[in-house]
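Encoded as structure tokens, the structure appears first; notes follow it.
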Amino acid sequence: KQWYQRRVRATKYMRESTELFRTINVVVDLNGFTTKYMSPDNVYDVSIKRHHGPTKETDTERPTDKEEYETYAKTDMFGHFKLLAEEQLVSSGLNYLIFRAPDVIGAKDTSSKFWIYHMWVKYYETLNTPIHMPYEIKELVSSYVYLDDVVQAIRKGIDTDVRNETFNIAFKEPVTLTTLLLEMSHVLDSPIKFNHDVTTDNSYHLYPSSARGQLDISKAEFMLGYKPSKLKNAVKKTVQYYEKAQAKFDSERYKVVQELSNNIATDQTRVKFMGMVQAEALSGRQGRDEL
């Protein structure tokens, strides 16, 4: 097989995720095989949904009225352009598989969203700032996916004869930001409290990226044999990874610390917080296994 591979400029931090890159780099081949396209669940935020259950792959109906179309598009331009790319791929005549994923948790997530929350929870007592949890998202059921499960789904797509289909990939369990952070708190053995006296406009919160709700993954389970991880297991493994990452990835750790220092820490807690993170990173370099 001769594959056309896009060259991806990556830092050492991302290059080490070899399993992910081996899978995602193989996006198009020149011998009539299949294009594998990763898309976010934001595409559903610019589409019409005509039922109240978990979001299905078919829930990407665009408004036919031009003005309404543009109104939907403006609600999430990222989702709009990703859905536009999907539409162009489907109409291109190429064989394709589209995988739609919600917010990803796992090792080497370049968004650093999980790591930021990880540090906020871990150093909760030092930061002394309740975690922002607007009422609008407190009980909002949505979906997340484990990075290893993204790789699993794409590999299963490569290994099967299924073509020209779209699949949602996510945890099977419905998840709220509250349950995700409480699970993180449990793993880190660091009790936390939430601040509900904030709104989505004046608070610092990173999840969820899509407001459309939980994804229906039954199609991927049935057609690909997709088997999602359990949320608690994925959170535990991800926390364990970032505990080690704190000692290894200096520049990425610095960015996370700066993010919390600028948005969460106060003048009274900032210096102590930064000092504790740095001290633990230095001590953690001795005797730790390579990631």
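Here, each number is a calculation from the coordinates, and none is a lab measurement. No experiment lies behind these values; they were computed from the predicted model shown. Using ideal geometry, Cβ is built from the backbone for each residue, glycine included, and neighbour counts are taken over all protein chains shown.
The figures follow:
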| read-out | value |
| --- | --- |
| Listed residue pairs exceeding 19 Å between alpha carbons, taken from LYS244/LYS272; LYS56/LYS138; LYS122/LYS193; LYS237/LYS272 | LYS244/LYS272; LYS56/LYS138; LYS237/LYS272 |
| Inter-probe distance in nm under a simple model that places probes 7 Å from Cα toward Cβ, at ILE48 and SER283 | 6.0 nm |
| Length released on extending from LYS244 to GLN258, taking residue separation times 0.36 nm less the Cα-Cα span | 3.2 nm |
| Cα long-axis angle, helix 231-248 against the chain (0 to 90 degrees, to the nearest 10) | 60 degrees |
| Size of electric dipole in the chain: Cβ of Lys, Arg +1 and of Asp, Glu -1, about Cα centre, debye, nearest 20 | 980 debye |
| Set of lysines with alpha-carbon distance to LYS74 below 16 Å, sequence-local pairs under 8 removed | LYS66, LYS82 |
| Pair GLU136, GLU70: separation of 7 Å Cα→Cβ label points (nm) | 2.4 nm |
| Helix 250-263 vs. the chain, principal-axis angle (Cα, 0 to 90°, nearest 10) | 80 degrees |
| Between helix 77-90 and the chain: long-axis angle, C-alpha atoms, 0 to 90°, nearest 10 | 30 degrees |
